[in-house]
Amino acid sequence: MLYCDISTQVIRPYIPKTHRYQVFRNLHDLAHPGVRATVRLICSRFVWLKMKKDIVNFTRSCIACQGSKIVRHVHQHLAEFKVPNQRFGHINIDIIGPLPSSQGFTYCLTAIEGFSRWPEAMPLADIRAETVAQALYSGWISRCGVPQRISTDRGSQFTSDVFHSLAKTFGICLSHTTAYHPQPNGAIERWHRTLKAATMCHTSVHWVPAVLLVLLIVFKEDLQCSPAEMVCGEILCLPSQFFVQQQPQAADNGFIKKLKTHIQQFRATPTSNHSEKPTFVYRDLSVCSHVFLRVDTVQPSLSQPYIGLYKVLSRTNKNFIILKDNQKSDY
């Protein structure tokens, strides 16, 4: 016996509970239309109790639709780093290049310190992990001391055993950005923009010393002083500067006492955030058991923008630990 609804011009059969999902799949899988189109498509041909609610849930849980359709990307808010309480305690590092060759160097290991914004650019002949670790040791640690924490991206040099061995030897805490998300390392990424702009203005390949000198003494609006003043306690003298203020030498190391007092009054300034992108996070992300990953690389035509499903092992407000290829991955 088959029950039908004849209240409309179309005869609509009543579908029992055990066959509703199969009816949905038979019609929805033809072209995977959206929620409204699927509801209209099925409701005009079949009938059952609370069918609109069921169809909406079926459509939203369609795996093929979730992997192929871009509805709205998730955009998390940018969290702020903990403000450092001392100089040279936290640095951000990265690698830029290849650059025009200068004395055999084609890359630079760049670093910027979080408290004073003191920048460095250390030339590299190559970007092997051993070369990068040696440059960090000789170019930063030997002159500025051992930082408590280093923030990097997920470059192979920074995730290598050599770099982790260096960090373990000196007791440095390493923190890496998540994949395709350079914003947590934004301090050094933004400085790269300034460094590259200054570099393009130079006709000579021997540009690093001159550019670094000027960038050290440039006034920072957020600090209300220059990085050199934060570290050295006074303004540095530039080439072609004819007049230098002479101060009489203080007796009994008075200068040292004043310098210490002046530096102790420095307070760290939080980094600024100029992003105006609105945040959006699906509420289901806080409870879901599996997730899709957005593919940010250049893909051939008709490639799915999302891949998955991946099981969620743990989550925080910013990151997910998922099981991908039988390995734990942080996103």
Yes or no: I70 aliphatic (A, V, I, L, M), under 31 Å from the mean Cα position of the chain (by Cα) and assigned by the TED database to the domain that holds T199? no
Take K50 and tell me if it is on the phi > 0 side of the Ramachandran plot and either assigned by the TED database to the domain that holds S303 or more than 38 Å from the chain's Cα centre (by Cα) (or both). yes
Search region 148-171 for residues that are in contact (Cβ under 8 Å) with a residue 12 or more places away in the chain and within 13 Å of L136 (Cβ to Cβ) and pair each with any residue that is exposed (fewer than 14 other Cβ atoms within 10 Å of the Cβ) and acidic (D, E) when their beta-carbon atoms are under 8 Å apart and the residues are at least 6 apart or on different chains. V162/E130
Would you confirm, using the coordinates I've provided, whether T194 is among the hydroxyl-bearing types (S, T, Y), loosely packed, with under 13 Cβ neighbours inside 10 Å and modelled with pLDDT of 80 or more? no
Surrounded by 12 or more Cβ atoms within 10 Å (Cβ to Cβ) and not acidic (D, E): is that true of I15 in this structure? yes
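Quick check on my filter: what residues within region 18-34 are basic (K, R) and either in contact with a Pro (Cβ under 7 Å, 6 or more places away or on another chain) or surrounded by 14 or more Cβ atoms within 10 Å (Cβ to Cβ) (or both)?
Correct list: R20 only.
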Scope region 215-235; condition assigned to a helix (DSSP H, G or I) and either closer than 16 Å to A111 by Cα or touching a Ser or Thr at 6+ places or on another chain (Cβ under 9 Å) (or both); matching residues: L215, L216, I217, P227, A228, E229, M230, V231
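The values are calculated or read from the model by the stated rules, or taken from the named source; none is laboratory data. Predicted model only: the values in this text are computed from it and were never measured. No Cβ is skipped: glycine too gets one built from the backbone with ideal geometry, and neighbour counts run over all protein chains shown.
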